[in-house]
Amino acid sequence: MTDQDQEVSGFCHDSIDEEVRETLFRMGNESRDGTAFQDITSPVRDWRHYATKEFIAQLVESTPFKAVVFMFIVFNAVILGVQTNRHLENEYEQLFTALDSCCLSVAVLEILLKLYADVCGFWKSGWSVFDFVVVMMSFIAPSFTFLKGTKIVRVIRILRSLRLLRGINVLPGLQIVVQTVLQSLSDMANIVLLLLIVMFIFALLGVTFFGDKNAKHFGDLPTALFTLFICVTQDGWMGIFQELEQEGLYVAAAVYFITFIMIGAFVFANLVVAVVVTNLVITQ
């Protein structure tokens, strides 16, 4: 081997040794910074690394998890509906109790996971607090001996069916409908207020013109208002009209009821529909 070849070979070895020293030095710094050596050498991390609050938080907020929980809520509601049949409830009492306990266990697991993921956020959520109260009532109520054998325990169990409202968070279409209704409340309140004013005016007219002839439906202001409410629903007003007809008030009763039903039932009902449809378009 010539002197030139020896110089080239020595230079290559020096370069390789330098690269190795730099790699080991970098790995040592990363190890001192808190990075485990196995995290560098192995692409697969320890599964315990993922069992963190971040993972649990992502899990409870994921759509599949919400869908599974909602399925158990629906299943629990179906069980409560089947239990209204006395024969089936007495025949399969143990089965219903076991299924009810299973659904309650899922609800408890959901609450524990949410508490583990974010305690403060749990109590800031209205749905979470509602779930906690309903589930705790399901545990506490049977423990009171004076409540056993009463309908209060059954009512508390039935309250769990209110958790069906959780479907609002799972179904986007239902979210739009609920949001539309909530946005329409202020406008519908104005419509209802105007309707009450119209009903008050017609109630005064009804007491004045029909109070002496038909005290049953127009004897005083509250009774007349209730009669007009029946007219708004368009159910049962024909019987009232026929009673006035028998008293010889056919023309006056016809003008009175036709005018009020046209205004109170048709106009205001269409106004409510128009408000809801407008807000639905805005929401979408």
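Suppose we keep only residues that are touching a helix residue (DSSP H, G or I) at 6+ places or on another chain (Cβ under 9 Å) and in a loop (DSSP other than H, G, I, E, B) within the stretch 213-256. Which one would you say is farthest from VAL192 (Cα to Cα)?
Once the filter is applied, the top-ranked residue is GLU247.
Would you call VAL178 over 23 Å from the mean Cα position of the chain (by Cα) and either outside any helix (DSSP H, G or I) or of a type outside the set (D, E, K, R) (or both)? It would help to see each step written out before you state the result.
On the way: over 23 Å from the mean Cα position of the chain (by Cα): no; either outside any helix (DSSP H, G or I) or of a type outside the set (D, E, K, R) (or both): yes.
No; evaluated as a whole, the condition is false for this residue.
Identify, please: which residue in the stretch 260-275 is within 33 Å of the chain's Cα centre (by Cα) and open to solvent by less than 60 Å² (accessible area, probe 1.4 Å) and is, among those, farthest from MET238 (Cα to Cα)? Break it down into steps so the answer makes sense when it comes.
Taking the stretch 260-275 as the starting set, the residues that turn out to be within 33 Å of the chain's Cα centre (by Cα) are 264-275.
From what's left, open to solvent by less than 60 Å² (accessible area, probe 1.4 Å): 264-265, 268-269, 272, 274-275.
Values: GLY264: 16, ALA265: 15, PHE268: 20, ALA269: 20, VAL272: 25, ALA274: 28, VAL275: 30 Å.
Once the filter is applied, the top-ranked residue is VAL275.
Could you pull out the residue among ILE240, ILE258 that is among the aliphatic types (A, V, I, L, M) and in contact with a His (Cβ under 8 Å, 6 or more places away or on another chain)? Outline the logic, then answer.
Numbers: ILE258 fails: in contact with a His (Cβ under 8 Å, 6 or more places away or on another chain).
From the options ILE240, ILE258, the qualifying one is ILE240.
When MET199 is evaluated against the numbered criteria (1) at pLDDT 80 or above; (2) surrounded by 14 or more Cβ atoms within 10 Å (Cβ to Cβ); (3) more than 17 Å from CYS231 (Cβ to Cβ), which criterion, by number, is the only one it fails?
(3)
If I ask for residues that are touching a His at 6+ places or on another chain (Cβ under 9 Å) and either among the aliphatic types (A, V, I, L, M) or over 25 Å from PHE268 (Cα atoms) (or both), which ones from the stretch 211-237 would you list?
Kept after step one, since they are touching a His at 6+ places or on another chain (Cβ under 9 Å), are these residues of the stretch 211-237: 223-224, 226-227, 230.
Passing the criteria: ALA224, ILE230.
Regarding ALA189, is this residue small (Gly, Ala, Ser), surrounded by 13 or more Cβ atoms within 10 Å (Cβ to Cβ), closer than 28 Å to VAL177 by Cα and under 35 Å from the mean Cα position of the chain (by Cα)? Even if it seems obvious, please write down each step before you answer.
Working: small (Gly, Ala, Ser): yes; surrounded by 13 or more Cβ atoms within 10 Å (Cβ to Cβ): no; closer than 28 Å to VAL177 by Cα: yes; under 35 Å from the mean Cα position of the chain (by Cα): yes.
No: the conditions fail for ALA189.
Out of (1) aliphatic (A, V, I, L, M); (2) surrounded by 14 or more Cβ atoms within 10 Å (Cβ to Cβ); (3) closer than 30 Å to LEU165 by Cβ, the odd one out for ILE230 is which?
The single condition ILE230 does not satisfy is (3).
The values are calculated or read from the model by the stated rules, or taken from the named source; none is laboratory data. Just so we're clear, the structure is a prediction, and the values are computed from it rather than from any experiment. All Cβ positions, glycine included, derive from the backbone under ideal geometry; neighbour counts span all protein chains shown. All accessible areas refer to the heavy atoms of the entire protein, side chains included, with ligands and DNA or RNA removed. Shrake-Rupley method; radii C 1.70, N 1.55, O 1.52, S 1.80 Å.
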